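Enquirer: Sharing a structure with you now.
The values are calculated or read from the model by the stated rules, or taken from the named source; none is laboratory data. None of these values were measured; they are calculated from a predicted model. Ideal geometry is used to build each Cβ from the backbone, glycine not excepted, and the neighbour counts take in all protein chains shown. Protein only, heavy atoms only, side chains kept; ligands, DNA and RNA dropped before computing areas. Shrake-Rupley method; radii C 1.70, N 1.55, O 1.52, S 1.80 Å.
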Amino acid sequence: MPPKGRIEVNEDLCKGCELCVMNCPQEVIALNMERMTKRGYHPAELAKPGCTGCGICATMCPEAAITVYREVIQKPA
Amino acid sequence: MAKEMMKGNEAVAEAAIRAGVQAYFGYPITPQTELLEWMSRRMPEEGRAFVQAESELAAINMVYGAACTGRRVMSSSSSPGVSLMLEGISYMAGTEVPAVIVDVMRGGPGLGNIQPSQSDYNQIVHGGGHGDYHPIVLAPCSVQESIDLTVLAFDLAEKYRSIVIILSDGSIGQMMEPAELPPMMPLKTSFPEWAVDGAAGRERRFLSSIYMDAPAEEVANMRLLNRWAKIRENEIRYKEYYLDDAEYAIVGFGSAGRVALSAVRQAREMGIKVGLLRPISLNPFPVDAIEALGKRVKGILVVEMNTGQMLDDVLLATRGKVPVEFYGRTGGVIPFPDEVVSAVQRLAAGPIVTTGHPRDRWMKFMSFLN
Amino acid sequence: MTVPELDSEQVAVYQRPDALSDTNTHYCPGCTHGVAHRLIAEVVDEMGLRERMIGVASVGCSVFAYNYFDFDFVQSPHGRAPAMATGIKRVLPDRIVLTYQGDGDLASIGMAEVVHAAARGENITCIFINNTNYGMTGGQMAPTTLPGQKTTSSPNGRDVEVNGYPIRTAELLSKLDGASYVVRRSLHDPKNIRLAKKAIRTAFEVQKRGLGFSMVELLSICPTNWGMTPRQAIQWLEEKMIPFYALGDYKVNPSVADIKI
């Protein structure tokens with residue numbers, strides 16, 4: 001089972017370019033069309049469960065707006 | 001240290017080394033090349049930076065980069081090369097970083113020739129590069145003065161975060177004279193608080209000439225102007241010769257001033273009471289001294305190796321209160337003292353002319369060249 | 001957030017690099033200048049170079065690059081960044097000096113400066129952003145504009161009979177003996193971005209070891225001036241630019257090949 005992860009998008013920095021959206025292997029990132037950032041962009045966000053914390057979105061992000069978290073898998077003793 | 005025979009260009013180079021220049025970037029051009037050659041040998045000997053750049057454009061921007069680190073840096077060139085350097089000079093002025101540039105002037109415009117000239121006066125003194133800025137401009141008339149002004153140039157550049165240009169010419173650069181060099185000064189060990197040299201243990205710094213916000217650029221330009229006002233207050237330099245009882249005065253700088261001094265001595269022997277005011281700082285220009293001079297003599301003769309570029313500044317300074325005449329040679333021709341003596345004689349003989357422009361009267365006199 | 005928080009223990013596996021300042025960039029959405037900035041900052045962090053870095057920004061869209069990095073920067077006249085970097089490096093040889101230049105800046109007005117910096121083996125690193133046009137002035141034809149590509153100053157497409165051919169800068173500089181490390185990478189997908197970062201890391205290692213001139217050319221998108229969405233622009237880069245500007249290592253000196261990252 002893949003590890004669980006999540007992302008946080010800094011909405012001060014996100015410009016809604018969708019490079020993260022189009023590259024997410026799990027297809028769990030989407031722009032939030034209901035909201036706008038203070039600079040007038042629809043921000044990207046984790047829209048569905050299934051994030052593995054792979055970091056590809058952060059690799060693509062031109063604004064370095066994404067922080068990626070991944071669960072710590074405890075190795076059996 | 002005893003006097004020794006030195007070539008002007010080499011003396012400037014060695015003086016800069018002794019003044020602690022840490023980097024030199026240049027490009028060969030006659031009649032300045034000995035300066036670069038001297039640096040190519042001496043800078044590595046001292047463990048300092050020397051690069052023969054691919055162009056004057058590159059050389060001045062290497063100077064710009066090194067200047068941003070707060071280290072002493074210089075370049076040298078001659079008229080056409082200095083034209084290319086004006087981009088970098090304007091940027092450095094806008095960034096407020098100090099640098100010393102030597103312009104060993106030659107005949108122009110265009111490729112011109114390699115004979116001595118003073119025809120970069122307007123280009124250098126009145127800006128040249130784009131934007132609102134004022135470089136400090138110092139004009140030596142001998143090898144010794146070239147040395148002294150080079151050392152001074154570094155101090156002034158740092159004191160005022162300014163460009164200092166030594167406006168020499170092919171004659172002073174190429175001549176050999178006995179002169180004395182200063183002792184070797186230690187290299188700087190502390191650097192200004194604006195220097196970009198790696199943010200070790202401090203906040204980052206950046207240096208730029210960009211002010212996207214026009215009001216911020218206006219503030220920056222006024223800061224430059226206020227600094228310039230201080231320079232005008234403190235850094236005007238000129239030398240007076242035989243002016244105590246003078247009825248007539250010559251104003252001339254650099255080589256032309258030197259020729260004029262010979263002419264003054266000849267004219268004195270002939271009984272004409274003439275003296276010389278030789279501006280050393282062309283920028284700031286000794287306006288008050290020349291205005292005062294205009295009030296105590298019957299006439300002023302401006303002598304230059306161009307078509308009367310400083311003449312306009314003398315006319316501004318004298319405000320029409322005294323008759324002014326002009327004598328110059330251009331295109332790389334050096335006037336003989338005799339020619340200047342004749343011009344003094346014409347001035348002294350009168351009648352005093354107050355109409356028209358001195359340059360027009362000189363043109364008429366020079367019509368034999370047409 | 002429609003997604004529930006994770007209840008397990010988590011660690012941040014990717015965070016904004018420290019060497020980037022907190023400033024919002026002026027770049028258009030999707031512009032890969034931001035990616036290049038981020039990669040440089042990540043490498044600076046990883047190598048612990050922040051206190052030794054001096055950047056030279058150029059003229060073009062990256063004119064404000066100095067705002068976006070948390071290390072020392074100067075800003076150069078158009079095209080002259082390698083000359084300024086030379087001046088800095090020669091007086092401070094132990095600093096890591098970086099120029100950040102676009103294609104108009106480096107391959108047009110600044111071609112002489114970069115060629116001679118490379119020829120001298122100047123121990124600096126040039127990060128060269130190739131997006132086939134002049135971005136800052138509104139998308140005019142650059143020396144890198146592809147044959148037939150429409151720009152605001154080649155409205156009918158670049159006619160090589162009139163405008164000449166694009167310049168392949170990495171290939172050109174690779175012919176110079178002083179160049180130690182000259183490569184072309186692309187910023188269009190995660191794999192290539194990782195390779196680009198590795199190249200930037202290698203270039204800095206080259207400089208740190210005093211091995212001479214290094215340049216990393218980065219194929220980039222310019223969605224606004226290309227008149228495309230970022231998604232379309234990525235596709236255009238892949239389909240049009242890469243066939244013309246082949247990715248690869250154009251010059252890797254033997255001593256550079258020993259660097260293991």
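Enquirer: Can you name every residue in region A:1-14 that is at the interface with another protein chain (Cβ under 7 Å from one of its Cβ atoms) and surrounded by 18 or more Cβ atoms within 10 Å (Cβ to Cβ)? Can you show your working first?
Expert: Taking region A:1-14 first, the residues at the interface with another protein chain (Cβ under 7 Å from one of its Cβ atoms) are A:4, A:6, A:12-13.
Matches in region A:1-14: A:4, A:6, A:13.
Enquirer: Still on this model: List every residue pair whose Cβ atoms sit under 7 Å apart, with the two residues 6 or more apart in sequence or on different chains, where the first one lies in region C:43-67 and is without any contact (Cβ under 8 Å) to a residue 60 or more places away in the chain and the second, anywhere, is surrounded by fewer than 24 Cβ atoms within 10 Å (Cβ to Cβ) and among the aromatic types (Phe, Trp, Tyr).
Expert: From residues that are without any contact (Cβ under 8 Å) to a residue 60 or more places away in the chain, the pairs are C:66/B:206.
Enquirer: Next question, about the same structure. State the number of residues belonging to region C:127-139 that are open to solvent by 20 Å² or more (accessible area, probe 1.4 Å) and not small (Gly, Ala, Ser).
Expert: Total satisfying the criteria: 3.
Enquirer: Is it the case that residue B:67 is in the same structural domain as residue B:164 (by TED's automatic domain parsing) and under 21 Å from residue C:84 (Cβ atoms)? Please lay out each step first, then the result.
Expert: Details: in the same structural domain as residue B:164 (by TED's automatic domain parsing): yes; under 21 Å from residue C:84 (Cβ atoms): yes.
It is true that residue B:67 is in the same structural domain as residue B:164 (by TED's automatic domain parsing) and under 21 Å from residue C:84 (Cβ atoms).
Enquirer: Kindly evaluate residue B:301 against the criterion of being within 13 Å of residue B:121 (Cα to Cα) and buried (at least 24 other Cβ atoms within 10 Å of the Cβ).
Expert: no
This table checks each residue for (1) modelled with pLDDT of 95 or more; (2) touching a Gly at 6+ places or on another chain (Cβ under 7 Å); (3) over 19 Å from residue C:216 (Cα atoms); (4) more than 8 Å from chain B (Cβ to nearest Cβ).
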| residue | (1), (2), (3), (4) |
| --- | --- |
| C:51 | yes, yes, yes, no |
| C:68 | yes, no, yes, yes |
| C:87 | yes, yes, yes, no |
| C:97 | yes, no, no, yes |
| C:104 | yes, yes, no, yes |
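Enquirer: Condition check: free of Cβ contacts under 8 Å to residues at least 40 places away in the same chain, of a type in the set (D, E, K, R), at negative phi and open to solvent by 20 Å² or more (accessible area, probe 1.4 Å). Does residue B:213 satisfy that? Break it down stepwise before answering.
Expert: Numbers: free of Cβ contacts under 8 Å to residues at least 40 places away in the same chain: yes; of a type in the set (D, E, K, R): yes; at negative phi: yes; open to solvent by 20 Å² or more (accessible area, probe 1.4 Å): yes.
Judged against the criteria, residue B:213 is a match.
Enquirer: Anything in region C:160-203 that is assigned to a loop (DSSP other than H, G, I, E, B) and of a type outside the set (D, E, K, R)? List them, or say none. Let's see the steps before the verdict.
Expert: Within region C:160-203, the subset assigned to a loop (DSSP other than H, G, I, E, B) is C:164-168, C:175-178, C:187-189.
Across region C:160-203, the qualifying residues are C:164, C:165, C:166, C:167, C:176, C:178, C:187, C:188.
Enquirer: If a residue must be in a helix (DSSP H, G or I) and hydrophobic (A, V, I, L, M, F, W, C), how many such residues does region C:67-88 contain?
Expert: Narrowing region C:67-88 to residues in a helix (DSSP H, G or I): C:67-68, C:81-88.
Retained after the next criterion (residues that are hydrophobic (A, V, I, L, M, F, W, C)): C:81, C:83-85, C:88.
Residues in region C:67-88 being in a helix (DSSP H, G or I) and hydrophobic (A, V, I, L, M, F, W, C): 5 in total.
Enquirer: Does residue B:195 satisfy the criteria of being within 14 Å of chain C (Cβ to nearest Cβ), without any contact (Cβ under 8 Å) to a residue 24 or more places away in the chain and assigned to a loop (DSSP other than H, G, I, E, B)? Quick ask: steps written out before the conclusion?
Expert: Values: within 14 Å of chain C (Cβ to nearest Cβ): yes; without any contact (Cβ under 8 Å) to a residue 24 or more places away in the chain: no; assigned to a loop (DSSP other than H, G, I, E, B): yes.
Criteria not met by residue B:195.
Enquirer: Of all the residues that make up region B:58-71, how many are more than 7 Å from every other protein chain (Cβ to nearest Cβ) and either crowded, with 24+ Cβ neighbours inside 10 Å or more than 24 Å from residue B:205 (Cα to Cα) (or both)? Explain how you work it out, then say what you get.
Expert: Restricting attention to region B:58-71, the residues satisfying the condition of being more than 7 Å from every other protein chain (Cβ to nearest Cβ) are B:59-60, B:67, B:70.
Add one more test, that the residue is either crowded, with 24+ Cβ neighbours inside 10 Å or more than 24 Å from residue B:205 (Cα to Cα) (or both), and what stays is B:59-60, B:67.
The qualifying residues number 3.
Conditions tested, residue by residue: (1) touching a strand residue (DSSP E or B) at 6+ places or on another chain (Cβ under 8 Å); (2) farther than 30 Å from residue B:108 by Cβ; (3) not charged (D, E, K, R).
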{"residue": "B:272", "(1), (2), (3)": "yes, yes, yes"}
{"residue": "B:309", "(1), (2), (3)": "no, no, yes"}
{"residue": "B:326", "(1), (2), (3)": "yes, no, yes"}
{"residue": "B:338", "(1), (2), (3)": "no, no, no"}
{"residue": "B:360", "(1), (2), (3)": "no, no, no"}
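Enquirer: Take region B:53-75 and flag every residue that is in contact with a helix residue (DSSP H, G or I) (Cβ under 7 Å, 6 or more places away or on another chain), small (Gly, Ala, Ser) and farther than 15 Å from residue C:80 by Cα.
Expert: If the condition is that a residue be in contact with a helix residue (DSSP H, G or I) (Cβ under 7 Å, 6 or more places away or on another chain), small (Gly, Ala, Ser) and farther than 15 Å from residue C:80 by Cα, then B:75 is the only one that fits.
Enquirer: Let me ask another. Could you go through region B:39-52 and let me know if any residue there is touching a helix residue (DSSP H, G or I) at 6+ places or on another chain (Cβ under 7 Å), open to solvent by 10 Å² or more (accessible area, probe 1.4 Å), farther than 22 Å from residue B:158 by Cα and not acidic (Asp, Glu).
Expert: Taking every residue of region B:39-52 in turn, at least one turns out to be touching a helix residue (DSSP H, G or I) at 6+ places or on another chain (Cβ under 7 Å), open to solvent by 10 Å² or more (accessible area, probe 1.4 Å), farther than 22 Å from residue B:158 by Cα and not acidic (Asp, Glu).
Enquirer: Name the pairs: first residue in region B:88-101 and within 12 Å of chain C (Cβ to nearest Cβ) and open to solvent by 10 Å² or more (accessible area, probe 1.4 Å), second residue polar (S, T, N, Q) and not in a helix (DSSP H, G or I), Cβ to Cβ under 7 Å, at least 6 apart or on different chains?
Expert: Once the first residue is within 12 Å of chain C (Cβ to nearest Cβ) and open to solvent by 10 Å² or more (accessible area, probe 1.4 Å) and sits in region B:88-101, its partners that are polar (S, T, N, Q) and not in a helix (DSSP H, G or I) give B:91/B:209; B:94/B:209.
Enquirer: When you look at residue B:32, is it closer than 19 Å to residue B:106 by Cβ and not acidic (Asp, Glu), yes or no?
Expert: Details: closer than 19 Å to residue B:106 by Cβ: yes; not acidic (Asp, Glu): yes.
Criteria met by residue B:32.
Enquirer: Any idea how many residues of region B:226-271 are of a type in the set (A, V, I, L, M, F, W, C), under 18 Å from residue B:121 (Cα atoms), open to solvent by less than 30 Å² (accessible area, probe 1.4 Å) and outside any helix (DSSP H, G or I)? Working first, answer last.
Expert: So the first thing to find is which residues in region B:226-271 are of a type in the set (A, V, I, L, M, F, W, C), and the list is B:228-229, B:231, B:236, B:243, B:246, B:249-251, B:253, B:256, B:259-261, B:263-264, B:267, B:270.
Imposing the further condition that a residue be under 18 Å from residue B:121 (Cα atoms) reduces the set to B:236, B:250-251, B:253, B:256, B:259-260.
Subsequent filtering for residues that are open to solvent by less than 30 Å² (accessible area, probe 1.4 Å) retains B:250-251, B:253, B:256, B:259-260.
When the remaining residues are screened for being outside any helix (DSSP H, G or I), the result is B:250-251, B:253.
Matching residues across region B:226-271 total 3.
Enquirer: Is one or more of the residues making up region B:273-283 in contact with a Pro (Cβ under 8 Å, 6 or more places away or on another chain) and open to solvent by 10 Å² or more (accessible area, probe 1.4 Å)? First the steps, then the outcome.
Expert: Let us first name the residues in region B:273-283 that are in contact with a Pro (Cβ under 8 Å, 6 or more places away or on another chain), namely B:277, B:279-280, B:283.
Now drop any that are not open to solvent by 10 Å² or more (accessible area, probe 1.4 Å), which leaves B:280, B:283.
Yes, that holds for at least one residue.
Enquirer: Specify the residue that is farthest from the other protein chains (Cβ to nearest Cβ); the eligible residues are those in region C:70-79 that are touching a helix residue (DSSP H, G or I) at 6+ places or on another chain (Cβ under 6 Å) and closer than 18 Å to residue B:96 by Cβ. Don't jump to the end; show me each part of the working.
Expert: Taking region C:70-79 first, the residues touching a helix residue (DSSP H, G or I) at 6+ places or on another chain (Cβ under 6 Å) are C:71, C:73-79.
Right, trim to closer than 18 Å to residue B:96 by Cβ and you get C:73-77.
Working: C:73: 4, C:74: 5, C:75: 4, C:76: 7, C:77: 5 Å.
It comes out as C:76.
Enquirer: Same structure again: Quickly run through region C:14-68 and pick out the residues that are open to solvent by 40 Å² or more (accessible area, probe 1.4 Å) and among the basic types (Lys, Arg).
Expert: Once the filter is applied, which keeps residues that are open to solvent by 40 Å² or more (accessible area, probe 1.4 Å) and among the basic types (Lys, Arg), region C:14-68 yields C:16, C:50, C:52.
Enquirer: Out of (1) surrounded by 24 or more Cβ atoms within 10 Å (Cβ to Cβ); (2) modelled with pLDDT under 95; (3) away from chain B (no Cβ under 11 Å), what's the single condition that is false for residue C:10?
Expert: (1)
Enquirer: Report yes if residue C:243 is more than 20 Å from residue C:256 (Cβ to Cβ) and within 11 Å of chain A (Cβ to nearest Cβ), otherwise no.
Expert: Numbers: more than 20 Å from residue C:256 (Cβ to Cβ): yes; within 11 Å of chain A (Cβ to nearest Cβ): no.
It is false that residue C:243 is more than 20 Å from residue C:256 (Cβ to Cβ) and within 11 Å of chain A (Cβ to nearest Cβ).
Enquirer: Pick from C:109, C:124: which is open to solvent by 50 Å² or more (accessible area, probe 1.4 Å), within 14 Å of another protein chain (Cβ to nearest Cβ), aliphatic (A, V, I, L, M) and on the phi < 0 side of the Ramachandran plot? Steps first, answer last, please.
Expert: On the way: C:124 fails: open to solvent by 50 Å² or more (accessible area, probe 1.4 Å).
Just a single option satisfies the conditions, and that option is C:109.
Enquirer: Does residue B:153 count as of a type outside the set (Asp, Glu) and touching a helix residue (DSSP H, G or I) at 6+ places or on another chain (Cβ under 6 Å)?
Expert: no
Enquirer: Identify all residues within region B:325-366 that are modelled with pLDDT under 95 and either touching a Cys at 6+ places or on another chain (Cβ under 7 Å) or polar (S, T, N, Q) (or both); write none if there are none.
Expert: Answer for region B:325-366, where residues must be modelled with pLDDT under 95 and either touching a Cys at 6+ places or on another chain (Cβ under 7 Å) or polar (S, T, N, Q) (or both): B:354, B:355.
Enquirer: What residue, among those in region A:15-31 that are out of contact with any Cys (no Cβ under 7 Å at 6 or more places or on another chain) and within 9 Å of chain C (Cβ to nearest Cβ), is surrounded by the fewest Cβ atoms within 10 Å (Cβ to Cβ)?
Expert: Of the residues in region A:15-31, the ones out of contact with any Cys (no Cβ under 7 Å at 6 or more places or on another chain) are A:15-18, A:21-22, A:27, A:30-31.
Filter again for within 9 Å of chain C (Cβ to nearest Cβ), leaving A:15-18, A:21-22.
Values: A:15: 26, A:16: 23, A:17: 29, A:18: 20, A:21: 20, A:22: 17.
Taking the candidates together, the pick is A:22.
Enquirer: Does residue B:105 fit the bill of being at pLDDT 95 or above and touching a Phe, Trp or Tyr at 6+ places or on another chain (Cβ under 6 Å)? Talk me through it step by step, then tell me what you get.
Expert: On the way: at pLDDT 95 or above: yes; touching a Phe, Trp or Tyr at 6+ places or on another chain (Cβ under 6 Å): no.
It is false that residue B:105 is at pLDDT 95 or above and touching a Phe, Trp or Tyr at 6+ places or on another chain (Cβ under 6 Å).
Enquirer: Okay, next question. In region A:48-72, which residue that is open to solvent by 10 Å² or more (accessible area, probe 1.4 Å), within 7 Å of chain C (Cβ to nearest Cβ) and more than 9 Å from the chain's Cα centre (by Cα) is nearest to residue A:13 (Cα to Cα)?
Expert: Here the answer is A:63.
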